[in-house]
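Only one structure is covered here, and it is reproduced in the block below.
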Amino acid sequence: MRKAVCPGSFDPVTNGHLDIIGRAAALFDEVTVAVLINKRKASLFTVEERIELLGQATAELGNVRIDAFHGLLVDFCRDNGISAIVKGLRAVSDFDYELQMAQMNHRLTGVETLFVSTNPLYSYLSSSLVKEVATYGGDVVGLLPDIVLDRLRRKLDENSRAAGPDDRR
Ligand code: PNS
């Protein structure tokens, strides 16, 4: 069975991620979407919420499973019998760091990294940018699955109410 992993923070999953996951699922027998547990990086959604949203957003893809990992990605791959990492490349700016990681990961265990060119519709898209735009009331419809957009709005609303009147936009 040919298995691949699409790793990331997915805070939250965007249509750009889903494009790459769907294309990986067409190439491999099984694709694991692996959410990085990173206690040092502040996130909007908890790991559990991100897993839940990814599960809902990929429900129609029969060969996609969702998991979480901490530590090295190569160890997760080895423990799960995964021989390929699939990453989306949005622009040249992604390339330097992605190449560095791919080479390091290959040196560590021989795992291969395959780069998929992002759909130009989503080449400017990132979770951080979506969160920033949505925080200040910008329109992010069409950039996220509807269920994720809904949860993002609710989460930002909750946070804004918890922050109190001074911090609201
Ligand atoms: O969505 P992100 O935050 O850009 O994803 C980055 C991710 C999770 C793919 C990358 O940080 C990663 O693989 N982290 C796991 C730790 C690791 O293996 N580091 C060594 C990389 S050579």
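The values are calculated or read from the model by the stated rules, or taken from the named source; none is laboratory data. Quick caveat, the model's predicted, so the values are computed rather than measured. Glycine gets a Cβ as well: all are built from the backbone with ideal geometry, and neighbour counts include every protein chain shown. Note: areas computed on protein heavy atoms with side chains; ligands, DNA, RNA excluded. Shrake-Rupley method; radii C 1.70, N 1.55, O 1.52, S 1.80 Å.
The set of residues in the range 6-32 being touching a Cys at 6+ places or on another chain (Cβ under 7 Å) and under 14 Å from residue 54 (Cα atoms) consists of 20, 21, 31. Could you list, in sequence order, the residues of the range 129-146 that are farther than 19 Å from residue 56 by Cβ and in contact (Cβ under 8 Å) with a residue 60 or more places away in the chain? Selection gives nothing. Looking across the range 51-63, the residues that are open to solvent by 40 Å² or more (accessible area, probe 1.4 Å), under 16 Å from the mean Cα position of the chain (by Cα) and not hydrophobic (A, V, I, L, M, F, W, C) come down to 52, 56. Considering the range 1-19, and only residues there that are of a type outside the set (Ser, Thr, Tyr) and farther than 20 Å from residue 74 by Cα, the residue that is most open to solvent (accessible area, probe 1.4 Å) turns out to be 17. Among the residues examined, residue 44 does not qualify as open to solvent by 50 Å² or more (accessible area, probe 1.4 Å), aliphatic (A, V, I, L, M), within 14 Å of the ligand (Cβ to nearest atom) and over 15 Å from residue 15 (Cα atoms).
With respect to the conditions (1) touching a residue at least 12 places away in the same chain (Cβ under 8 Å); (2) more than 19 Å from residue 10 (Cβ to Cβ); (3) not acidic (Asp, Glu), residue 106 falls short on a single one, namely (1). Checking the range 72-83 against the condition returns a match, with at least one residue being closer than 16 Å to residue 5 by Cβ, open to solvent by 60 Å² or more (accessible area, probe 1.4 Å) and of a type in the set (Ser, Thr, Tyr). Right, residue 117: open to solvent by 70 Å² or more (accessible area, probe 1.4 Å), within 30 Å of residue 84 (Cα to Cα) and touching a residue at least 24 places away in the same chain (Cβ under 8 Å) or not? Yes, satisfied. Scanning the range 111-133 for residues that are touching a helix residue (DSSP H, G or I) at 6+ places or on another chain (Cβ under 6 Å) and away from the ligand (no atom under 16 Å from the Cβ) yields a single hit, 119.
The residues on offer are 43, 9, 93, and the sole one that is touching an Asp or Glu at 6+ places or on another chain (Cβ under 7 Å), polar (S, T, N, Q) and closer than 30 Å to residue 156 by Cβ is 43.
Applying the criterion of at least 1 residues that are farther than 21 Å from residue 49 by Cβ and under 17 Å from the mean Cα position of the chain (by Cα) to the strands (runs of 3 or more DSSP E) found wholly in the range 64-169 leaves 84-89, 112-117. Quick check, is residue 14 closer than 17 Å to residue 69 by Cα, at pLDDT 95 or above and out of contact with any Asp or Glu (no Cβ under 8 Å at 6 or more places or on another chain)? Taking the combined requirement at face value, the residue does not satisfy it. Residue 44 falls short of the stated requirement of being under 18 Å from residue 21 (Cβ atoms) and in contact (Cβ under 8 Å) with a residue 60 or more places away in the chain.
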